[in-house]
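As structure tokens, the structure follows; a few thoughts come after it.
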Amino acid sequence: MVFVDFLDRRETTATLPTVCMHCQDPPAPCAQVCPTQAILITSDGVVQEANKERCIACENCLHACPFGVPKLDPVERQQYKCNMCYDRVVEGKKPMCATVCPSGAIFYGTHEELAARQRGKPVNVHQFGRQTVRTRVYVVAPPVLELLSVERLPDYEEAVERIEKREG
């Protein structure tokens, strides 16, 4: 299931579905920090939603996810997140988000099928400060980024250093 967070348009600039990136390396930080092993990873790498009988609502997974995907239901006190519609995928169907997306922005298929669409560069390696995360879900970077030669955003210290050099 894909969950769309409510965003106040007066204070924010975009509304995006918060799909799980199904972290591959390191394997699912959310699952690694779960003290009750409520979050499991299938043999094909899909990071499952927390098992409701095991989840103790400790919120460790919420803080461990570099993408901010897991959420906690405040009433049920249970974690929820995208599980790539695993019940559909194992039957050979696409996840519901890819099925109903009116613009085709959410695509489900092989890496080769994605590359053949030629809408940009598929990226599955993300840098969070000193932490590199490789995911099973690709984000397609628009071609304009290649023109800008943007490989990665600088971390905080590097950005401050660049600004100081420019001003100094």
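The values are calculated or read from the model by the stated rules, or taken from the named source; none is laboratory data. Since this is a predicted model, take the numbers as computed values, not measurements. A quick note on method: Cβ atoms are made from the backbone with ideal geometry, for glycine too, and the neighbour counts reach across all protein chains shown.
Just name the residue that is surrounded by the most Cβ atoms within 10 Å (Cβ to Cβ) out of those in the range 1-43 that are touching a strand residue (DSSP E or B) at 6+ places or on another chain (Cβ under 7 Å), at pLDDT 55 or above and within 18 Å of Lys94 (Cβ to Cβ).
So, considering only residues that are touching a strand residue (DSSP E or B) at 6+ places or on another chain (Cβ under 7 Å), at pLDDT 55 or above and within 18 Å of Lys94 (Cβ to Cβ), the one surrounded by the most Cβ atoms within 10 Å (Cβ to Cβ) is Cys20.
With the condition kept exactly as written, say whether any residue in the range 122-142 is modelled with pLDDT of 80 or more, farther than 17 Å from Met21 by Cβ and of a type in the set (A, V, I, L, M).
Checked against the condition, which is being modelled with pLDDT of 80 or more, farther than 17 Å from Met21 by Cβ and of a type in the set (A, V, I, L, M), the range 122-142 yields no hits at all.
Could you list, in sequence order, the residues of the range 77-118 that are without any contact (Cβ under 8 Å) to a residue 24 or more places away in the chain and charged (D, E, K, R)?
Across the range 77-118, the qualifying residues are Arg77, Asp87, Arg88, Glu91, Lys93, Lys94, Glu112, Glu113, Arg117.
Gly92 - would you say it is under 18 Å from the mean Cα position of the chain (by Cα) and in a loop (DSSP other than H, G, I, E, B)?
On the way: under 18 Å from the mean Cα position of the chain (by Cα): no; in a loop (DSSP other than H, G, I, E, B): yes.
Considered against the rule, which asks whether it is under 18 Å from the mean Cα position of the chain (by Cα) and in a loop (DSSP other than H, G, I, E, B), Gly92 comes out as no.
Tell me, which residue of the range 77-125 that is under 17 Å from Gln24 (Cβ atoms) and among the polar types (S, T, N, Q) is surrounded by the most Cβ atoms within 10 Å (Cβ to Cβ)? Give the steps one after another, and end with the answer.
Restricting attention to the range 77-125, the residues satisfying the condition of being under 17 Å from Gln24 (Cβ atoms) are 81-84, 86, 89, 108, 110-111, 114, 122-125.
Filter again for among the polar types (S, T, N, Q), leaving 83, 110, 124.
Numbers: Asn83: 19, Thr110: 8, Asn124: 17.
It comes out as Asn83.
Tell me yes or no: at least one residue of the range 44-51 is farther than 30 Å from Val160 by Cβ, in contact with an Asp or Glu (Cβ under 6 Å, 6 or more places away or on another chain) and surrounded by 13 or more Cβ atoms within 10 Å (Cβ to Cβ).
Let us first name the residues in the range 44-51 that are farther than 30 Å from Val160 by Cβ, namely 44-51.
Checking which are in contact with an Asp or Glu (Cβ under 6 Å, 6 or more places away or on another chain) leaves us with none.
Checked against the condition, which is being farther than 30 Å from Val160 by Cβ, in contact with an Asp or Glu (Cβ under 6 Å, 6 or more places away or on another chain) and surrounded by 13 or more Cβ atoms within 10 Å (Cβ to Cβ), the range 44-51 yields no hits at all.
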